[in-house]
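Below: the structure, in structure tokens.
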Amino acid sequence: LPHRCRLFIHSSLSQCLTLYPLCCFPYGHCHMAASMAALGGIAIVHCNCTSSQQATIIRSAKSLRVPVTESGADGEWMVGAAIRTRESDRERLEHLVKAGANVVVLDSSQGNSMQQPFTRCHGVPVIADGGISNSGHIVKALVLGATTVMMGSFLANGQRVKKYLGMGSLEAMTKGSNQRYLGDTAKLKIAQGVVGAVVDKGSVLKFIPYTMQAVKQGFQDLGASSRPSAHELLRSGTLTLEVRTSAAQAEGGVHGLVSYEKKSF
């Protein structure tokens, strides 16, 4: 098995941008964007606002300095930005470039229409998005071909409660996401998401290093030293995935105890 210190799980989000395979959509929070960059990941600033507001968030995030552990990055933080494909977004793109965005992501609510065979043949990076709730999900997504994993509610989730805003909710639509769901011209808007509350998991500066160590543990268990080596093991049939029943998942987890305490870090 490869030694955990020799595991290389970084990903190429573009031809010239290599980072930890973690990203998030900070809803207007430049501090979250700076923290993700400091830890080797990247935040993609949403486009549910005016181009000047989006550019301001990028500039603010890149100018911040946050206390990080030895895994932090030096120099200017890398920050990405989402953009749509409408004619008006040409001007938005100019604002984002001037603000210093390191990467621009095409934002689509139907991104799953791009098939993996096409992306693999043409070297297009794939962001796995939806339902990521533990490090095991991250390992599976990366092994199956994802370049980067969108964290979403994984980072929104101690006892403190914070607001979770679904991009398809009516509240988010009133703040700009209606274009994403083609509802900007509709008089009657139909919600495609919800607004709720999740339990805060604590500082991202502690949680991300813990998560990445858990991902490395997963790759070590698979006998893979990197993402490409895991893909090769899967293609060759050396590594296989199996569907487990809910009963098998329950038996494989903590069970039979009246109570237990789990501390992540």
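The values are calculated or read from the model by the stated rules, or taken from the named source; none is laboratory data. Small disclaimer: the values here were computed from a predicted structure and weren't measured. Cβ placement follows ideal geometry from the backbone for every residue including glycine, while neighbour counts extend to all protein chains displayed. Surface areas here come from the heavy atoms of the whole protein model, side chains and all, with no ligands, DNA or RNA. Shrake-Rupley method; radii C 1.70, N 1.55, O 1.52, S 1.80 Å.
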Open item on the list: Quick check for you: which residues of the stretch 209-226 have the amide N under 20 Å from the point 7 Å beyond the Cα of THR240 toward its beta carbon?
Closed with: 221-224
TODO: Could you tell me which of the pairs LYS206/LYS263; LYS140/LYS262; LYS140/LYS216; LYS201/LYS263; LYS62/LYS98 are separated by over 19 angstrom between their Cα atoms in the structure shown?
DONE: LYS140/LYS262
- [ ] Would you kindly find the accessible area of THR240, with a 1.4 Å probe and non-protein molecules such as ligands, DNA and RNA excluded, rounding to the nearest 10 Å²?
- [x] 100 Å²
- [ ] Could you please put GLU232, GLU242 in sequence from largest to smallest accessible area, using a 1.4 Å probe?
- [x] GLU242, GLU232
Task: Size-normalised alpha-carbon gyration radius of the stretch 191-265, reference 2.2 N^0.38 Å - done: 1.53
